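Q: Structure provided below as structure tokens; questions to follow.
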Amino acid sequence: MTTPISIENELKQLGEKIEHLSKVIAWHTAKRDWRKRLLKLADSIAQLDFKGPQWKAKSHAVKVTIKEQSDLDVAEAELTLALELKHAYDKQVFTTLGRNKSIGNAYNWGH
């Protein structure tokens, strides 16, 4: 049976999970931004180091910076996953709050 105390405990646990996930999201955001800077730097260096015609430098840089691009893709995927998980927790909080209101009506809180 769902009681007001069990709902309160569930909300507290969800709050702790969301707080932890917010820190994880901040970490992954910083990681993604760092990877973007690394890719831009590697791209610029590859273009400057290219000894052929300048109009071919960009396509050469794309071939050379595959690892940096892959690292950026992984960082963006990790951030997206963390954001989706936080969204799911937020939805669960609203669902739990709705149950709390229904239980409150059953127990005649505030009436």
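Please treat every number below as a calculation from the coordinates, not as lab data. Nothing here was measured: the structure is a model prediction, and the numbers come from that model. Cβ sites come from the backbone with ideal geometry, for glycine too, and all protein chains shown count toward neighbours.
Q: Count the net charge of all other residues whose Cβ sits under 13 Å from the Cβ of LEU81, scoring Lys and Arg as +1 and Asp and Glu as -1. Don't skip to the answer; put the middle values down first.
A: Working: positive: LYS31, ARG32, LYS86; negative: ASP73, GLU76, GLU78, GLU84.
Surrounding charge for LEU81 is -1.
Q: Which helices count as membrane-span-like in the chain under these terms: full DSSP H, at least 20 Å along the axis by C-alpha, Kyte-Doolittle mean of -1.0 or more? Let's see the in-between values first.
A: Values: long enough: 4-49 (66 Å, -0.54); 66-106 (60 Å, -0.38).
Answer set is 4-49, 66-106.
Q: Tell me the relative contact order for the chain as a rounded percent, counting alpha carbon contacts under 8 Å between residues six or more apart.
A: Working: 63 pairs, mean separation 47.1, N = 111.
Taking the mean separation of contacting Cα pairs over the length of the chain, I get 42 percent.
Q: Once Kirkwood radius over Cα pairs in Å is worked out from the coordinates, which option in (i) 17.6; (ii) 16.1; (iii) 15.8 does it equal?
A: Given (i) 17.6; (ii) 16.1; (iii) 15.8, the structure-derived one carries the label (i).
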